[in-house]
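Asker: Before we start, here is the structure in question, set down as structure tokens.
The values are calculated or read from the model by the stated rules, or taken from the named source; none is laboratory data. Note that the structure is a prediction, hence the values are computed from the model and not measured. Because the Cβ atoms are built from the backbone with ideal geometry, glycine has one as well, and the counts that use them run over all protein chains shown. Heavy atoms of the whole protein, side chains included, go into the accessibility calculation; ligands, DNA and RNA do not. Shrake-Rupley method; radii C 1.70, N 1.55, O 1.52, S 1.80 Å.
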Amino acid sequence: KEDLDESVFKDADKLIVDCPNARAHVAFGFAVHLCTGNRLAELQLSVLREEIIKRFHTVELADEIERIPNNFFRRIKNVTVRLHPI
């Protein structure tokens, strides 16, 4: 699976919020297994991103990304960020 990630996403192990091919991910499943809340979640994330951009000039990682060990999914437990107001 990791080889596939790297073949689709540059630096697949990093959180890159403005990744140009972000819609290629399979976090919400695909085909008949597509999550019905997919579009709602994408809309919520889009609104969140717009509001963050309005209020902060810089968002930076404050610490390492904490992952949940799993053999099947690359899950994130915690991402600590530092926000710098405009």
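Asker: So which residues in segment 10-49 are open to solvent by 100 Å² or more (accessible area, probe 1.4 Å) and either farther than 28 Å from P69 by Cβ or at pLDDT below 75 (or both), if there are any at all?
Answerer: V17, P20, R23, F30, V32, H33, T36, R39, L40, L43, R49
Asker: What pairs can you find where one residue is in segment 70-84 and within 26 Å of T58 (Cβ to Cβ), the other is assigned to a loop (DSSP other than H, G, I, E, B), and their Cβ atoms are less than 7 Å apart, with a gap of 6+ or different chains?
Answerer: Close Cβ pairs satisfying both conditions: I76/I65; V79/L15; V79/I65; T80/A62; T80/D63; V81/A62; R82/A62.
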